[in-house]
Each structure stands twice: as structure tokens, then as C-alpha cells.
Amino acid sequence: DFMYKDIIVDSICFDIKKARDNGILAGSIILTISAIDAMAFLTMPLTQKEVQKKDYIEWIDKYMKAAPNQSYQYKGIDLYGARCGILHRYGMVSALSEKGICKVFGYHDGSEHVYNSNKDKDMVMISVKRFTNDFFTAVEKFLQEIGANKELKSKVDNRLLSLFMIIGRNKKKVQVRG
């Protein structure tokens, strides 16, 4: 359905890629973390009004995967902790990481995630490009599932138009890969 692509890919993913490709790395991370919240919002039960921790974690665990050769594989709780650190403190540390519940994410402009549990079991260095590309891949999986799952489609259809978007913005055809 064109509305899914128009709002999720051509708006949300486009903005993330544009920020990243123009060197606005912190902005691309913040947009990606927020976009995950939006995806969790689309999938939560229709009786629910706000995204909860479990919704965010479930979306990550279901859709967001790093390449098998990466030293770190995403865990919903780790990304939720990163989200809380950025949202509540504009920092790397969150209340969850302070309690040892999740890992701490640092970010870099290289191509690979860096995690060595023998050196520091609590710290992961996340590649901004890989993180955003992994989110784009997760969105592709999510969109495929919308097409195959009537219950999910109903949830998304019910909420899609309430997502933040700029109406009538002038943009070229979007290619978010890469």
C-alpha cells in the first residue's frame, strides 16, 4: 500500500538517511530511536493509547537484526535503555544501564559494531551507518508483515495517519539503502 511507503519510508526513513548522510549523526540516531517508538506504536494493541516499554522491546526483538558477522546482536532491552538515555538525559547512560539491566551504547562513524565482552561486557560501540541501515531493513520486514498479517494491517491502518509527517514536502524518489 502506497500510504505505508509514503509515510514510513519516504518520510521517516528518508529523514534519518538525509541526516546521517549529511554528517548529522546524533540527529540520525535520535530520529531512529524515535522511529522505533513510532513502529512500536503502530503494532501495539488497539485498546492501548501509549507505547510501553514491552512494545518497544518486542518490536526490536522481532524486526531489528544485525548482520550475523557483527560482534553485537541487538537486544530489545539494550535499545530501550539507549532510548531512555537519549530521551531523558541526552546521554549514553540510562537508569536501566546504571542498574546493569542493559548495555551502554556509544556511537561511532565506522562500519562495524564493536563489542568485546572480555574487555567490557556492558559497553557496545554502535556503527551509526549500520544501525540506521539495520533499522531500514527492519522496516522492510515490518512492511512485508503488514501485507501478510490482517490483524497487524488493521492496527497500522488505525494509527498510520496519526504519525508525524510534513504534508506536501517536495522530495525526489527515495532510496534509503546504503
request  = Please enumerate the residues belonging to region 116-144 that are over 24 Å from residue 95 (Cα atoms) and either part of a loop (DSSP other than H, G, I, E, B) or charged (D, E, K, R) (or both).
outcome  = 129, 130, 134, 140, 141
inquiry  = Given the condition in a loop (DSSP other than H, G, I, E, B), open to solvent by 60 Å² or more (accessible area, probe 1.4 Å) and not aliphatic (A, V, I, L, M), answer yes or no: does some residue in region 81-89 qualify?
reply    = no
request  = Identify, by number, the condition in (1) surrounded by fewer than 16 Cβ atoms within 10 Å (Cβ to Cβ); (2) not in a helix (DSSP H, G or I) that residue 26 doesn't meet.
outcome  = (2)
ask   = In region 114-151, which residues are open to solvent by less than 70 Å² (accessible area, probe 1.4 Å), polar (S, T, N, Q) and without any contact (Cβ under 8 Å) to a residue 40 or more places away in the chain?
value = 117, 127, 149
ask   = Is it true that residue 109 is at pLDDT below 95, farther than 16 Å from residue 13 by Cα and open to solvent by 60 Å² or more (accessible area, probe 1.4 Å)?
value = no
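The values are calculated or read from the model by the stated rules, or taken from the named source; none is laboratory data. It should be emphasised that the depicted structure is a prediction, and the values quoted were computed from it without experimental measurement. Heads up, the Cβs are rebuilt from the backbone with ideal geometry, glycines too, and the neighbour counts pull from every protein chain shown. The protein model used for the area step is the full one, side chains on, heavy atoms only, and it has no ligands, DNA or RNA in it. Shrake-Rupley method; radii C 1.70, N 1.55, O 1.52, S 1.80 Å.
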